[in-house]
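Every read-out reported here was derived from the displayed coordinates using simple, explicitly stated rules and does not represent laboratory data. Source: prediction; values computed, not measured. Here the Cβ positions follow ideal geometry from the backbone for every residue, glycine too, while neighbour counts run over all protein chains shown.
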Amino acid sequence: MSTSSIWSRFRPRPRNTLFLGIHIAAPIVAWMAGFSWFGVLLALVVYYVRVFGITAGYHRYFSHRSYKMGRVTQFLMAFLAQTACQGGVLWWAAHHRQHHRYSDLPGDVHSPKLDGFWYAHMGWMLVEETDTTDIERVKDFAKFPEILWLEKYAIVPPLLLAIALYATWGLTGLGWGFGVSTVALWHGTFCVNSLAHVMGRRVYETTDTSRNSALISTFTMGEGWHNNHHHYQRSAAQGWRWYEFDPTYWILKVMQFVGLASGVSRPPRHVIENTIARVSERAKELREGLAQRAESLAAAVQSARGSAPEERVRQLLQSAEELRTEMLALRDEKLAHMAERVDALVHELEARMLGETSGV
Ligand SMILES: [Zn+2]
Ligand SMILES: [Zn+2]
């Protein structure tokens, strides 16, 4: 799909209007309230509490089931996440599961590689195609009536939050605590879909373009370790090394400690260690080993010239064929080149078996 044809699909709809409306209203109300450090602090607190709802709730729990919660905690987590104004819990999880299913392939709802940065950042959720929720994808949670209720009245949690903030702190609560915080929260979390597939380091060889970024992790509470996450999605932890800070995971561990969550997991050691550097090191060793075998095979064929018994030629042919298969199976360019040489040996030996060459 070309980028221009994507943008031509935008039509004014309630979701777009609300999205745009809050972008315009938030700075106006914040300006009316006036600048105060309290307002900034309030915006930050409401921001991070809701980031936790998105990362621990929408993402790690409802999309990936990377840990367990009781029914009441599950409902409260969904409610908290929904205050972030990012659609209903089932809508979010269904689209996220689709992202992982097709990651950067046709069918991915938000791929910067396929549809451009801004479409992956926010365009994808403003077009009509993504309005509906494929309930089949989230059957596991659609069976709870209270979750279905939340999904149906997705606007209730953010509305209650806005009212509560206004009732408590007036315009500062509404402008800074809700408005500014919500706009920042949108773009902060959307960066995981856009920026985390563009900026950062690739540690694992995944089939998509996901990357690890410490910067993105600071404002998403650990979601910036996106390459780790695409490598192994079932883990509740996304930061796996001591320096990969992942506050969402730490809070989940505390929740587990006080009995609000269980099965808060990290990936097995071999998954963590299977990095691109390790894989390429292993591939190098493997390639060297195979090259050595090819050398000694060539020498053996050379020395078998002349008077080798048929049995010996048959043996050599078998090892040459095995070697060729192993080399080709690795799909390595250098090995493919070597495999051609082994192929020539196979042909030579086959010819000898048939007695077509003289000297055997
Ligand atoms: Zn995910
Ligand atoms: Zn991704």
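According to the square roots a ≥ b ≥ c of the eigenvalues of the Cα gyration tensor, what is the shape class of segment 275-353, taking rounded for a/c under 1.5, prolate for a/b larger than b/c otherwise, and oblate for the remainder? Verdict is prolate for segment 275-353. Suppose we flag GluC sites (Glu not before Pro) only when DSSP calls them loop and at most 13 other Cβ atoms lie within 10 Å. Which is the longest uninterrupted stretch of the chain? In the chain, the maximal stretch lacking such sites is 1-204. Quickly estimate the mean residue ellipticity at 222 nm for the chain, helices only: each DSSP H run with n ≥ 4 gives -39500 (n - 2.57), and the total goes over all residues, rounded to 500. So the helix-based figure for the chain works out to -18500 deg cm²/dmol. Here the label points at Phe38 and Val279, each 7 Å from Cα along the C-beta direction, are separated by 5.4 nm in the simple model. For a straight C-alpha distance cut-off of 15 angstrom, the aspartates and glutamates reachable from Lys113 (same-chain residues fewer than eight places away being disregarded) are Asp104, Asp208. Relative to the longest principal axis of the Cα atoms of the chain, the long axis of helix 310-329 makes an angle of roughly 20 degrees. Within the listed set Met69, Met32, Met338, the Gaussian network model of the chain (springs between alpha-carbon atoms below 10 Å) gives the highest mean-square fluctuation for Met338.
Projecting the Cα atoms of Tyr119, Met221, Leu297 onto the charge dipole of the chain (Cβ charges, centred on the Cα centre) puts Met221 farthest toward the positive pole. Answer rounded, prolate or oblate for segment 15-168, using the Cα gyration tensor with square roots of eigenvalues a ≥ b ≥ c: rounded when a/c is under 1.5, else prolate when a/b is larger than b/c, else oblate. It comes out oblate by the Cα gyration axes. Rounded is the label for segment 3-267, because the ratio a/c of its alpha-carbon gyration tensor axes (a ≥ b ≥ c) stays below 1.5. Among Asn227, Asn16, Asn193, the largest mean-square fluctuation in a Gaussian network model of the chain, built with springs joining Cα atoms closer than 10 Å, belongs to Asn16. A simple charge model with +1 on the Cβ of Lys and Arg, -1 on the Cβ of Asp and Glu and nothing else charged puts the dipole of the chain at about 1180 debye relative to its Cα centre.
With a cut-off of 15 Å between beta carbons, the residues surrounding Met327 carry a summed charge of -3, where Lys and Arg count +1 and Asp and Glu -1. Mean-square fluctuation check for the chain, GNM, Cα pairs under 10 Å: which of Gln292, Gln233, Gln98 is largest? In this elastic network of the chain, the residue with the biggest mean-square fluctuation among Gln292, Gln233, Gln98 is Gln292.
The residues packed around His337, meaning those with a beta-carbon under 13 Å from its beta-carbon, carry a net charge of +1 if Lys and Arg are +1 and Asp and Glu are -1.
This ranking places His99, His187 by how few other beta-carbon atoms lie within 10 Å of each, fewest first, which gives His187, His99. Against the longest principal axis of the chain, how steep is helix 89-102, in degrees 0 to 90 to the nearest 10, with axes from Cα atoms? So the inclination is approximately 20 degrees. Count Lys and Arg as plus one, Asp and Glu as minus one, and take only other residues whose Cβ is under 14 Å from that of Gly116; the net charge is then -1.
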